[in-house]
Amino acid sequence: MTEDQIVLPAEYAAVDLGSNSFHMVVSRLDDSNLIVVDRLREMVRLGSGFDSQDRLSDAACERAIDCLGRFSERLRGMSADNVRVVGTNSLRRARNSLEFIRRAEESLGFPVDVVSGVEEARLIYLGVSQTLQEDLGRRLVIDIGGGSTEMIVGDSSEPRYLESLYMGCVTTSEAFFPDGKISKPRMHKAIIAASVELEPHIEIFKNLKYEDVIATSGTALAIEEVVRESGWSDGGITHASMEKLVDGILDVDHVDNLKLAGLSDERRQALPGGVAILMAIFVSLSIDKIRISDGSLRGGVLADLIKRRQSSDTRAETVNDMVNRLRMDEAQAARVGETALHIFSQLKKSWKLRPRDGQLLGWAAQLHEVGLMIAHSQYHKHGAYVLENMELAGFSRQEQRDLSILVRLHRKKFQKDVLAGLEEDRSQILSHLVFILRLAVVFNRGRYQQDLPKMKVSANGSDITLKLDGQWLEDHSLTQADLEEEQVLLKQSAFSLKIKS
């Protein structure tokens, strides 16, 4: 084989749309090892662009979109299955996040997943654990981002307790040092505010008895660089070095005058807020020293992406665990799922449905009766609420929303207003999946294993034809009645269901 015929291992990419910086890492999987081949990072400060209505400003959006346009050049030609883009606190908070996400996806050419704070914490811990595989003791991991701070206690690669706190280096700097002016009272107030945010969690963290404390992210790396370059610590960040750093910051009256050793210009504006948060953590948890890891959210995203492709999907594990813990009727869920995917296989070409849509449909089938743990009456509404508001490991907020919609609409009236606010193409895909799930539930209403009829399902837009054996329908009058009722209910959604024998 000549050199130009060598086939390189597939590349994987993770893009982190943080509140302070946007990061991208591209890695190549070679013999189960991820080898970084490219990194890109830009200080976007998306989290500093909020107006009084919690909307991202036009200026912040433009900075972000320009950055993503440059990132897209590196991602061009990569498989959609090998790229994951995640949004964090700023996109969780922004009221105009849907508008921004649409523009971001157009610029990048890949979907953007907004993750919850707890899911962000899980991915951060996963990223850190990739760099500390030799350490088997219990550890506390801290990640101070631009808009939130994630704190996780875990054993080896398994997180035990995850928390996301509403404080970050950008938001804290804006709240307590809004004009860049620095003073002792302002720093004191910032530290107290961070301590108040920490207070409900202090005893939980202490009782978990971690043996090691590790910090990651740009804020921690910048602080470690400053205290080391200033000679206040010979490795890691100590409580004593933090006290000297606070004194060093208070030596000046404005962030523009900060001339600390090792401090980059781009980190200067958000440093006071980040230092206040870390100092509060040191004091509140009686920590003597924190060591630094270069593990990160994007490292966790990559590891999770590889896991999805090669072994087990965290989302599938979460669904299975939920089914087991809530003692749901697994046999019924399996019957509904099998029928749904059979119908899906016949309609996917006409409706241009993708494998990931089938995956979502399968999970919805497993969980369509989750609301029964609350009450039978209106259980589809209870289930929708649970799925939208629970922390489901591995799922983005959009995926949880989609699951919630499928469960909400799988029975009774097809209320189109549930889909209001979604982009037209997403609304259409979910409508199609809802139709399939509803039909699968109808055919399995008896809740017992039976030989279903051979069915042929075809679609021309919203006009669906269902061909069944006439004798089977006569022998299953209840199902026939349900199908006739479904024909009436579906008219509310503009679907037309014709039943032929």
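Each reported figure results from applying straightforward, stated rules to the coordinates on display, with no laboratory input. No experiment lies behind these values; they were computed from the predicted model shown. Glycine also receives a Cβ, built like all others from the backbone with ideal geometry; neighbour counts cover every protein chain displayed.
Structural remarks
- Applying the Karplus relation 6.51 cos²θ - 1.76 cosθ + 1.60 with θ = phi - 60° to the stretch 369-377 yields 3J(HN,Hα) values of 10, 4, x, 5, 5, 9, 5, 6, 5 Hz, where x marks Gly and Pro.
- Spatial separation of Cα centroids for the stretch 206-224 and the stretch 431-485, in angstrom: 56 Å
- Listed pairs K352/K500; K184/K209; K307/K456 exceeding 29 Å between Cα atoms: K184/K209; K307/K456
- Relative to one another, the C-alpha centroids of the stretch 268-318 and the stretch 342-390 are positioned 32 Å apart.
- Cα long-axis angle, helix 184-198 against the chain (0 to 90 degrees, to the nearest 10): 30 degrees
- Sites excluded, trypsin sites (Lys or Arg not before Pro) in DSSP loops with at most 15 other C-beta within 10 Å, longest stretch of the chain: 96-208
- Rounded, prolate or oblate (a/c below 1.5 giving rounded, otherwise prolate when a/b exceeds b/c) for the stretch 3-114 by Cα gyration tensor: prolate
- The chain: angle of helix 424-443 to the longest principal axis, Cα-based, in degrees nearest 10: 50 degrees
- Considering only alpha-carbon pairs that sit under 8 angstrom and 6 or more positions apart, the relative contact order computed for the chain is 12 percent.
- Relative to the longest principal axis of the Cα atoms of the chain, the long axis of helix 379-389 lies at roughly 20 degrees.
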